[in-house]
Amino acid sequence: METADVQGAANDEPAEPVFGDGLFRQKRKKGKYRVVPPPIPALEAPVADTHAHVQMLADPAAELARCAVHGVGFVACVVDPSEDGDDRGYGELAGWREGATARAGAYADGVRGRMAGERETTEGGSERDEAAVSAVPACDLLGLRVPDVRFIVGVHPHNAKDYEGASGRLRELLADPRTAALGEIGLDYHYDLSPRDVQRQVFRDQIRLAKEAGLPIALHVREAHDDAFAILGEEGFPAAGTLLHCFNLDEVEVARWVEAGCFVAFGGPLTFKAADDVRRAAARVPRNRLLTETDSPYMTPEPMRGMPCGPAHTVFTAACLAEVLGCTAGAQRQQLLEQLMANARGLLDRAPTAWQLAYGKGDDTR
Ligand SMILES: [Zn+2]
């Protein structure tokens, strides 16, 4: 999770309009929007968003329908029990997927029509992207499927000060078999929204809890990589896996995390114009430890920065990652995308752990 000002938007700016049609848009001047075509040719295999705050999106069902159109096949929804009310995410998922299923066909028709050269008639006149004219949406190659959704639950370092009150609910949600990891947890010394000593203790507590539950952890680390790495060294990296979320540093920093066996997830920052460091770092991560993500509604990839991000935006990051790794469209890119999906599902689309099953049966050996 990042706060909105990271994207350069003032906090008092009115919310973006919800278009609800499966297209991607870039913000232009004077309240105008330009439709941005998805990667062309369409990605050869479905991709995964391993970090999306789906419950924070303006219209989660619409976002999942957009995923269905553009070939995002798996989404990990990140929930924080200290700030998300009792049923946020978990209680809403069935409704989101139902709504997405109802809308996906119409969205696909709309995107297909648009990509066939239909003119956009939003306020501000019509524009047409020549590149999109002969292209087809990913769903015409991969099928129209609402993504599988799993949960990542944990108390964000910003909210470490509220950990005690949330820890009971955290355990309950961890035991839900749809939960695939504990996160996002870690340290954030940029905002310092919780005292650093409290952040460190809560980080330790949650690493221990993840180990007890047999689940991987998803890390949020900002301007605190030395401390976070040291704490993990002392506590031991969980055997189930460690995912370093939103990597936006250089190849020197990424090296020790890779060496420690971590998965490294890249989102919007990989696509930012000035982010050559991040792209070089991505090239250093072994293919079997690379992941794609969004951090939606934050961290919108280029060329849509300034717009709210949804999990469907992952296709832009995945296309960029393929380019960074020198995989051309076609068989090469397909192989990479299949590996990225296998990485995501292997880590996060897991069978319930023994701890999760025992919790469901009322086993209170914990
Ligand atoms: Zn996040």
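The values are calculated or read from the model by the stated rules, or taken from the named source; none is laboratory data. All values derive from a computational prediction rather than experimental measurement. Counting neighbours? That spans all protein chains shown, and the Cβs are built from the backbone with ideal geometry, glycine included. Protein only, heavy atoms only, side chains kept; ligands, DNA and RNA dropped before computing areas. Shrake-Rupley method; radii C 1.70, N 1.55, O 1.52, S 1.80 Å.
Figures for the structure shown
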| quantity | calculated |
| --- | --- |
| Subset tally (residues that are open to solvent by 30 Å² or more (accessible area, probe 1.4 Å) and in a loop (DSSP other than H, G, I, E, B)) for segment 144-175 | 2 |
| Filtered residues of segment 230-255 (kept if under 25 Å from GLU212 (Cα atoms) and in contact with a Phe, Trp or Tyr (Cβ under 8 Å, 6 or more places away or on another chain)) | ILE231, GLY241, THR242, LEU243, LEU244 |
| Count - residues of segment 176-211 that are open to solvent by 20 Å² or more (accessible area, probe 1.4 Å) and within 16 Å of the ligand (Cβ to nearest atom) | 3 |
| Hits in segment 263-297 - residues which are within 17 Å of the chain's Cα centre (by Cα) and part of a loop (DSSP other than H, G, I, E, B) | GLY267, PHE272, GLU293, THR294, ASP295, PRO297 |
| Selected residue (only one of VAL258, VAL198 is assigned to a helix (DSSP H, G or I) and over 25 Å from GLY165 (Cα atoms)) | VAL258 |
| Hey, ALA312 part of a strand (DSSP E or B), modelled with pLDDT of 95 or more and open to solvent by less than 40 Å² (accessible area, probe 1.4 Å) or not | no |
| Failed item in (1) over 22 Å from ALA76 (Cβ atoms); (2) in a loop (DSSP other than H, G, I, E, B); (3) open to solvent by less than 40 Å² (accessible area, probe 1.4 Å); (4) in contact (Cβ under 8 Å) with a residue 40 or more places away in the chain, with ARG333 passing the rest | (2) |
| Sole exception among (1) part of a loop (DSSP other than H, G, I, E, B); (2) surrounded by fewer than 17 Cβ atoms within 10 Å (Cβ to Cβ); (3) in contact (Cβ under 8 Å) with a residue 40 or more places away in the chain for GLY326, by number | (3) |
